[in-house]
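In what follows, a structure is listed as structure tokens, so that the remarks can point back to it.
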Amino acid sequence: MPRITAPTVAEHRAAQQRALLDAARTLLARTGEAPSMADVAALAGLARPSAYQYYKSRQDLLHALVLDVFPRWARRVEEAMAAQPDPADRILAYVITNIALVAEGEHAVGSALAAVAPSEELNTQSSMMHSQLLDPLVGTLRELGAEDPAATAELINAIVHSATKLLESGTPQEAVNARVTELLGPYVREHRRGASGKQHP
């Protein structure tokens, strides 16, 4: 049994699971292929048999990674949007934060997971993720009076997908941010509070 390095057994297990998930994410982002349990354990600083105390199989570990990566992505986007006091500015926050996550490698992890661990569970989780990501954007567009918030949200999300392709083709993140800001800037400025007839700072 591995030596306890946390105040309680529960905290120790949580720390070890976190180390295994982080190691699996790192290897997946690096290679685009499902890592072996031995490689994951080695990177996490654990013996291979110890890894199996936390995850029964490589597939079990990959599914746990899906449940870990996707909600963290949504949380980052939601927090960035919530930090903007003006609803219109939340639209750019949504796009720019998604671009940042892609640049950080989270998208590569998600794509790799979809490729190496296809399953009904993963597909369901992906659909939930898409819906969870769009919900705050749809809510913001509804608040701004968009005629069809859901359709507009899908169009904005298409910009994110196009930005992802630019990043993956080698376009610098700063340049991608500049292009989407150039594109969405007029819409955002038009819908800021006080934009019609009032001076807005």
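Values quoted throughout were computed directly from the atomic coordinates according to the rules given, and no laboratory measurement underlies them. Bear in mind that the values here come from a model prediction, so they are computed numbers and not experimental data.
Relative to the current alpha-carbon distance between Ala47 and Ala100, full extension at 0.36 nm per residue lengthens the span by 15.7 nm. Here the extension length gained between Thr171 and Glu190 equals 4.0 nm, from 0.36 nm per residue of separation less the Cα-Cα distance.
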